[in-house]
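Asks: The structure under discussion is supplied below as structure tokens; questions concerning it will follow.
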């Protein structure tokens, strides 16, 4: 007996399709050219910054350091300060974990977004993580507001939203995380080539920090992180397509 496959806009099978995720990514890129479109995307830039700084923090803790605090700035930049790690290689890994961590997280969401039943759990885990970061590592009002807002909105959707809304949210976050991870590291390349820095900048970027440790110019690390981010996202997309094809095949075989 074959299972019928619906194609309505609210169908979970449509919401988890690769074409749907690609269309959301394309819509996000086009929104930049719409008046005030950047403001509509600002919450997702904050989300990517949160993930970026969480990547630094996670690497710091895993490599034996302790996180002092995390800051998210109004222009969607941010920084994390830690202590307790003196080894040069480990410090380089911590500095690299922001951009690569954001790309990995975007790739992970792309893979998880194909599983309809996991959407609610994914959103609740993300919201819980934001609350834990808020409790342990946030010390300023603006960062508090951003983390609390992310935790509240994502947590509410995960706990109270319908299945289609949960699936849509995970897919949209996946598309935004992947795009913003690439956009941020390309911005880093521009900064390494001499572009004007943010007024909130501490005076150096992650690429500057690694360059001081390993005596290679910031542009080298920027290009390396762009290449690695592309590889991470490419592998994630391949895995997602393979899983989606397998799920479709199994559905047709029922």
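Asks: Could you tell me the center-to-center distance, by alpha carbons, between region 208-235 and region 111-182 in angstrom?
Replies: Rounded to whole Å, the Cα centres lie 27 Å apart.
Asks: Arrange the following residues from fewest to most other Cβ atoms within 10 Å of their Cβ: 117, 169.
Replies: Least to most surrounded, the residues fall as 117, 169.
Asks: Please list 53-62, 234-243, 127-136 highest first by mean number of surrounding beta-carbon atoms within 10 Å per residue.
Replies: Output ranking for 53-62, 234-243, 127-136: 53-62, 127-136, 234-243.
Asks: Now for a separate question. Calculate log10 I(q)/I(0) of region 96-233 for q = 0.22 Å⁻¹, where I(q) comes from the Debye formula with a single equal point scatterer on each Cα and nothing for solvent.
Replies: Per q value, in the given order, log10 I(q)/I(0) is -1.23.
Asks: Applying a 10 Å radius around every beta-carbon, put 65-71, 178-184, 82-88 in order of their mean neighbour count, most first.
Replies: In decreasing order of mean packing, 65-71, 178-184, 82-88 become 178-184, 65-71, 82-88.
Asks: Over region 48-100, how many percent of alpha carbon pairs lie in each 10 Å bin up to the one with the longest distance?
Replies: For region 48-100, the binned pair fractions read 29, 56, 15, 1 percent.
Asks: So, in nm, how far is label residue 220 from label residue 160 when the simple model puts each one 7 Å beyond its Cα toward the Cβ?
Replies: Result: 5.3 nm between the two label points.
Rule-based calculations on the coordinates, nothing more; no lab input. Just so you know, these numbers come straight off a predicted model, no measurement behind them. For neighbour counting, all protein chains shown are included, and Cβ atoms are generated from backbone atoms with ideal geometry for every residue, glycine included.
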